[in-house]
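Shown next, in structure tokens, is the structure this report addresses.
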Amino acid sequence: MASQLDMFGVPSNAPVTKPVRKPKATSKRLGLKDVSEDDIARHLEMTGRYRILRQIRPRDVCESPRPGFPLIGAIVDTETTGLNKGEDEVIEIGVIAFRFNPEGQVGDVIDVYSSLHQPSRPIPSEITALTGITDEMVRGRSINLDALERIVLPADLIIAHNAGFDRPFCERLSHVFASKPWACSNEEVDWKGRGFEGTKLGYLINQAGFFHNGHRAVDDCFALLEVLLQPGLHELTPFAELYRASQRERVRIWAEYSPFDKKDVLKARGYRWSGGEGATPKAWWTEVDAELFDSEIKYLEAEIYNRSDVDLTSRRLTAVDRFKG
């Protein structure tokens, strides 16, 4: 009798064959037994379908630094109870010191200091949410100024990612910060020209191919160091660019009594507003390289004041003077 066909055209009395199951892929079958994590990461990246972020690991402190790096840089980061430089307090500080040469090439990490600090008032909840630092964590803790100053005193350059914020807080902690040259890795590196979409440390870390535990002071210091050492397609590393920028004399110009309807023009040119704190004028201001001072004054005369007899307040600055509160 003819076999009855099922709905797929297969005889109903045909012998049933089980599908052949392929063996599960194992690291041994895939030949990965002796393959390193870096090899796997490179293979995935080469496909063009994956982007690998590598965890930033703190560099070891070298007790016998390599010769040829006579200068000392110190990266500093602070966590504070708020943004008010006169009233808020440091609740954590991190510093890493490293050797470098006049060309901006970096040698070894030579020292690290990190400490929590109990402020005089409870830590605001929004600061705890941002930093993860609680009142319990800082209770009874204090910054050892002797240990901190031992790192800072020999430094030829202090680096912070927001030096205008960190420097005033550091100077309140110790006078040794006041006489040091400072550099700001946020302002004094052309990150946009290097292909980065933003200047916040988190953006820079991720776009450089890393991740880390952010918003803890010493972790941010090590993260910034790694980002500053990534050359990308440039001949100079960001650190070398930063060091060169710190060596240039700058001039700060206050566009006093500028017409109100020109504020958007000034803002678009990079001017920032000063509320007249301390002895500074209440006006829009900018900083330019010293050799560009005359051309900036001519721009202001022609485009902002529409006259050639303006007498504006200006101040020449070196890295020792910049970023003070």
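Mind checking whether some residue in region 212-228 is under 21 Å from Gln55 (Cα atoms) and more than 14 Å from the chain's Cα centre (by Cα)?
So far as region 212-228 goes, no, none of its residues is under 21 Å from Gln55 (Cα atoms) and more than 14 Å from the chain's Cα centre (by Cα).
State whether one or more residues within region 132-140 are open to solvent by 10 Å² or more (accessible area, probe 1.4 Å) and at pLDDT below 95. Outline the logic, then answer.
Kept after step one, since they are open to solvent by 10 Å² or more (accessible area, probe 1.4 Å), are these residues of region 132-140: 132, 134-137, 139-140.
This time we only want the ones that are at pLDDT below 95, so: 132.
Yes, because at least one residue in region 132-140 is open to solvent by 10 Å² or more (accessible area, probe 1.4 Å) and at pLDDT below 95.
Could you list, in sequence order, the residues of region 58-85 that are in contact (Cβ under 8 Å) with a residue 60 or more places away in the chain, not hydrophobic (A, V, I, L, M, F, W, C) and not in a strand (DSSP E or B)?
First, the residues of region 58-85 that are in contact (Cβ under 8 Å) with a residue 60 or more places away in the chain: 58-59, 71-80, 83, 85.
This time we only want the ones that are not hydrophobic (A, V, I, L, M, F, W, C), so: 58-59, 73, 77-80, 85.
Selection gives Pro58, Arg59, Lys85.
Does Val109 satisfy the condition of being in contact (Cβ under 8 Å) with a residue 24 or more places away in the chain, touching a helix residue (DSSP H, G or I) at 6+ places or on another chain (Cβ under 7 Å) and buried (at least 19 other Cβ atoms within 10 Å of the Cβ)? Don't jump to the end; show me each part of the working.
Details: in contact (Cβ under 8 Å) with a residue 24 or more places away in the chain: yes; touching a helix residue (DSSP H, G or I) at 6+ places or on another chain (Cβ under 7 Å): no; buried (at least 19 other Cβ atoms within 10 Å of the Cβ): yes.
No.
Out of (1) open to solvent by 50 Å² or more (accessible area, probe 1.4 Å); (2) modelled with pLDDT under 80, the odd one out for His43 is which?
His43 satisfies all of (1) open to solvent by 50 Å² or more (accessible area, probe 1.4 Å); (2) modelled with pLDDT under 80 except (2).
Given the conditions (1) touching a Ser or Thr at 6+ places or on another chain (Cβ under 6 Å); (2) buried (at least 19 other Cβ atoms within 10 Å of the Cβ); (3) of a type outside the set (D, E, K, R), and given that Pro119 satisfies all but one, which numbered condition is not satisfied?
The number of the failed condition is (2).
Restricting attention to region 170-201, report how many residues are within 19 Å of Glu79 (Cβ to Cβ) and in contact with a helix residue (DSSP H, G or I) (Cβ under 9 Å, 6 or more places away or on another chain).
Residues of region 170-201 within 19 Å of Glu79 (Cβ to Cβ): 170-174, 177, 182, 184-186, 200-201.
In the following step, the residues that additionally are in contact with a helix residue (DSSP H, G or I) (Cβ under 9 Å, 6 or more places away or on another chain) were identified as 170-171, 173-174, 177, 182, 184-186, 201.
The total comes to 10.
Sort out for me the strands (runs of 3 or more DSSP E) sitting completely within region 196-313 that have 2 or more residues that are open to solvent by less than 20 Å² (accessible area, probe 1.4 Å).
Values: elements: 250-255, 272-275, 282-289.
Those strands (runs of 3 or more DSSP E) span 250-255, 282-289.
Where residues in region 144-170 are without any contact (Cβ under 8 Å) to a residue 60 or more places away in the chain and closer than 27 Å to Val227 by Cα, which of them is surrounded by the most Cβ atoms within 10 Å (Cβ to Cβ)?
Step one: of region 144-170, the residues without any contact (Cβ under 8 Å) to a residue 60 or more places away in the chain are 144-150, 153, 162.
Filter once more, keeping what is closer than 27 Å to Val227 by Cα: 147-150, 153, 162.
Values: Ala147: 12, Leu148: 21, Glu149: 15, Arg150: 14, Leu153: 13, Asn162: 17.
Among them, the one singled out is Leu148.
Give me the pairs, please: first residue somewhere in region 288-317 and aromatic (Phe, Trp, Tyr), second residue anywhere and outside any helix (DSSP H, G or I), beta-carbon distance under 6 Å, and either six or more positions apart or on two chains.
Phe293/Val251
The values are calculated or read from the model by the stated rules, or taken from the named source; none is laboratory data. Note that the structure is a prediction, hence the values are computed from the model and not measured. For neighbour counting, all protein chains shown are included, and Cβ atoms are generated from backbone atoms with ideal geometry for every residue, glycine included. Ligands, DNA and RNA are excluded from the accessible area calculation, which covers all protein heavy atoms including side chains. Shrake-Rupley method; radii C 1.70, N 1.55, O 1.52, S 1.80 Å.
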